[in-house]
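Structure first, commentary second.
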Amino acid sequence: MSTLRNRGTAINNEPRVNDRIHVPKVRLVGPSGEQVGVVRTEDALRLAVEANLDLVEVAPNSNPPVARLMDYGKYKYESAQKAREARRNQANTQIKSIRIGLKIDGNDYNTKKSQAERFLNAGDKVKFDLRFRGREQSRPEMGVRLLSGLAEELAEISTVEAAPRADGRNMSMVLAPTRRKSEAKSDQRRRREAERENRRAKAAKRAAERNAKTSETENNAAPTE
């Protein structure tokens, strides 16, 4: 952590830090979120130095401005990490489309639901596209009932991001997974590694059994004295 002398350079939209805070008083918040109260800025800076922390102005438009004691370098690093993780999850998440009909039979319904479960467990969103045929368009409530039923059956692994909505002869609904894409990928990697370990263990067991049988055959075939 840097010292008070070389800390606090504000860049672009970054908050004012340490000796760049020029107001006479601040409403101080402690490092654990505790409310200290209104204090002179010079006293808040002294507390920051004593605690080996930074004084960061978090609400400049308040009267007086709100400042918090924190490790600003660590805070920036963790914020950048979270932003990268959010961008990675957003970029990796896909929307998988599943088409269904209003007069869907039980087997096809279960097949579509299983397909949705696979996509959601992989961390992807699912969009159900329902197309009304002929007079079915006059019964949109049946489409809502069908899609809502799917959402209820998939509620343990998803949330409704876009409720059933009609658009002419079409109706759609979007479900979002409850798990992040990165978590799903990590689970997939762990399962693959476990499967590989299991295959290696089985192969080693078979090899050991073959070796044991070979040794037994050789012992039986050896001449006795």
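The values are calculated or read from the model by the stated rules, or taken from the named source; none is laboratory data. These numbers come from a predicted model, not from an experiment. Cβ coordinates were reconstructed from backbone atoms using ideal geometry, including for glycine residues, and neighbour counts include every protein chain displayed. Each accessible area value is taken on the protein alone, full model and side chains, heavy atoms only, with ligands, DNA and RNA left out. Shrake-Rupley method; radii C 1.70, N 1.55, O 1.52, S 1.80 Å.
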DSSP bridge orientation in segment 8-161 - percent antiparallel, rounded to nearest 5: 50 percent
Amide H contacts under 5 Å for S158, placed H, 5+ residues apart: T178
Residue-span extension gain [S114 to R46] - 0.36 nm each, minus C-alpha spacing: 18.3 nm
Amide proton proximity set for R16, modelled H, under 5 Å, gap of 5+: E57
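Which length gain, in nm to one decimal place, applies between Q81 and K103 when the Cα-Cα distance is subtracted from 0.36 nm times their residue separation? Don't jump to the answer; show the numbers that get you there.
Details: separation 22, 0.36 × 22 = 7.92 nm, distance 4.76 nm.
Full extension from Q81 to K103 adds 3.2 nm.
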For segment 40-54, Karplus couplings with θ = phi - 60° (6.51, -1.76, 1.60), whole Hz, Gly/Pro x: 5, 4, 5, 5, 5, 5, 5, 5, 5, 5, 5, 8, 6, 10, 10
Note, ³J(HN,Hα) from phi for segment 119-127, Karplus 6.51, -1.76, 1.60, rounded to Hz, x at Gly and Pro: 5, 5, 5, 8, x, 9, 7, 10, 10
Cα-projected label distance for E156 with R210, points at 7 Å along beta-carbon direction, nm: 4.2 nm
Inter-label distance, nm, simple model (7 Å from Cα along the C-beta direction), S32/K202: 5.4 nm
Per-residue SASA entry for M70, accessible area with 1.4 Å probe, Å² rounded to 10: 30 Å²
Percentage relative contact order, segment 119-178, counting C-alpha pairs under 8 Å, at least six apart: 47 percent
Vicinal HN-Hα couplings computed from phi for segment 194-211 (Karplus, 6.51 cos²θ - 1.76 cosθ + 1.60; Hz; Gly/Pro x): 5, 5, 5, 4, 5, 5, 5, 5, 5, 5, 5, 5, 5, 5, 5, 5, 5, 4
Loop-located GluC sites (Glu not before Pro) in segment 15-116 whose Cβ has at most 14 other Cβ within 10 Å (DSSP): E34
